[in-house]
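Some notes on the structure that comes next.
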Amino acid sequence: TPTVGVLALQGDVREHFAALAAAGARTCAVRRAEELAGVDGLVVPGGESTTISKLAVLFGLMEPLRERVRAGMPVYGSCAGMILLADKILGTAPVTSGGQEQETIGGIDMLVRRNAFGRQNESFEAPLDVKGVEGGPVEGVFIRAPWVESTGERAEVLAVHDGHTVAVRQDALLATSFHPELTGDHRVHAMFVEMVRSARG
Ligand code: GLN
């Protein structure tokens with residue numbers, strides 16, 4: 001049984017634990033580098049990406065996270081987690097302390113726009129066909145959600161809504177604009193747990 005951690009700095013951590021357990025993973029909270037070292041894969045939850053990013057730096061996790069990503073650890077980011085997996089982001093408010101740009105873990109060659117759906121629609125749901133998920137559409141729950149403006153050659157688009165990319169995979173990294181952990185449908189988490197299993201070999 002693979003152990004999948006959830007980055008537990010801020011955001012909807014508990015919902016991901018439940019979805020991962022239902023998908024057959026052992027779960028654990030990751031707040032420190034030692035905890036990160038013990039997991040086979042990681043979920044970066046939805047929440048507020050600027051907060052998660054600042055706390056990751058503060059807890060000394062940002063560099064260890066980047067190292068694990070470079071070493072091929074599977075990571076799934078939903079919503080704020082998608083933003084954190086993007087190599088480049090748009091719509092960033094400058095971080096108030098230090099005036100620095102928002103840092104990301106990175107790893108997926110994509111440009112993500114924060115709060116992209118937010119202006120028209122703070123929150124909405126829409127059925128989505130997600131490549132790699134069998135058995136009919138996934139109900140996409142979008143909450144001040146980002147979208148993917150563009151992807152590099154190695155990134156594969158898995159789902160599109162209204163002409164905008166909302167799910168991407170690049171090697172062992174998976175990102176969705178929406179929150180499958182809020183729906184009781186565990187197929188996206190099951191796909192990710194499968195990615196973790198195959199990365200373990
Ligand atoms: N708007 C949030 C951000 O920019 C993401 C929202 C979410 O995770 N539901 O981090």
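Of the helices (runs of 4 or more DSSP H) entirely within the stretch 1-72, those holding at least 1 residues that are away from the ligand (no atom under 16 Å from the Cβ) and charged (D, E, K, R) occupy 33-37, 62-70.
Count, please, the residues in the stretch 161-182 that happen to be away from the ligand (no atom under 12 Å from the Cβ), more than 18 Å from Val75 (Cα to Cα) and within 16 Å of the chain's Cα centre (by Cα). Break it down into steps so the answer makes sense when it comes.
As a first pass, look at the stretch 161-182 and keep what is away from the ligand (no atom under 12 Å from the Cβ): 161-174, 180.
Right, trim to more than 18 Å from Val75 (Cα to Cα) and you get 161-165.
Within this subset, residues satisfying the condition of being within 16 Å of the chain's Cα centre (by Cα) are 165.
The total comes to 1.
In the stretch 26-47, the residues that are under 21 Å from Gly106 (Cβ atoms) reach residues that are within 16 Å of the ligand (Cβ to nearest atom) and among the hydroxyl-bearing types (Ser, Thr, Tyr) with C-beta atoms within less than 8 angstrom, at least six apart or across chains, in these pairs: Gly41/Tyr76; Leu42/Tyr76; Val43/Tyr76; Val43/Ser78; Val44/Tyr76; Val44/Ser78; Pro45/Ser78; Gly46/Ser78.
Taken over the stretch 168-198, the criterion of being hydrophobic (A, V, I, L, M, F, W, C) and assigned to a helix (DSSP H, G or I) is satisfied by Leu182, Val188, Ala190, Met191, Phe192, Val193, Met195, Val196. Ala80 meets the conditions (1) farther than 17 Å from His189 by Cβ; (2) within 16 Å of the ligand (Cβ to nearest atom); (3) not charged (D, E, K, R) in every case but one. The failed one is (1). Applying a threshold of 6 Å to beta carbon distances and a minimum spacing of six or more residues, or different chains, the list of pairs starting in the stretch 57-84 at a residue that is modelled with pLDDT of 95 or more and ending at one that is within 16 Å of the ligand (Cβ to nearest atom) and assigned to a helix (DSSP H, G or I) reads Met62/Ala56; Gly77/Leu84; Gly77/Leu85; Ala80/Ser49; Ala80/Ile52; Ile83/Ser49; Leu84/Ser49.
Among residues of the stretch 185-200 that are at pLDDT 95 or above, those with a Cβ under 7 angstrom from a residue that is in a helix (DSSP H, G or I) and small (Gly, Ala, Ser), sequence gap 6+ or separate chain, pair up as His186/Ala19; His186/Ala22; His189/Ala19.
Residues in the stretch 131-160 that are over 27 Å from Glu67 (Cα atoms) and of a type in the set (D, E, K, R) were compared, and the one that is nearest to the ligand (Cβ to nearest atom) is Arg144. Residues in the stretch 127-137 that are buried (at least 16 other Cβ atoms within 10 Å of the Cβ) and closer than 17 Å to Gly163 by Cα: Leu128, Val130. Among the residues of the stretch 155-189, what is the count of those that are surrounded by fewer than 16 Cβ atoms within 10 Å (Cβ to Cβ) and within 18 Å of Leu84 (Cα to Cα)? Number of matching residues: 3.
The values are calculated or read from the model by the stated rules, or taken from the named source; none is laboratory data. Everything numeric in this text was worked out from a predicted model, so none of it was measured. Glycine also receives a Cβ, built like all others from the backbone with ideal geometry; neighbour counts cover every protein chain displayed.
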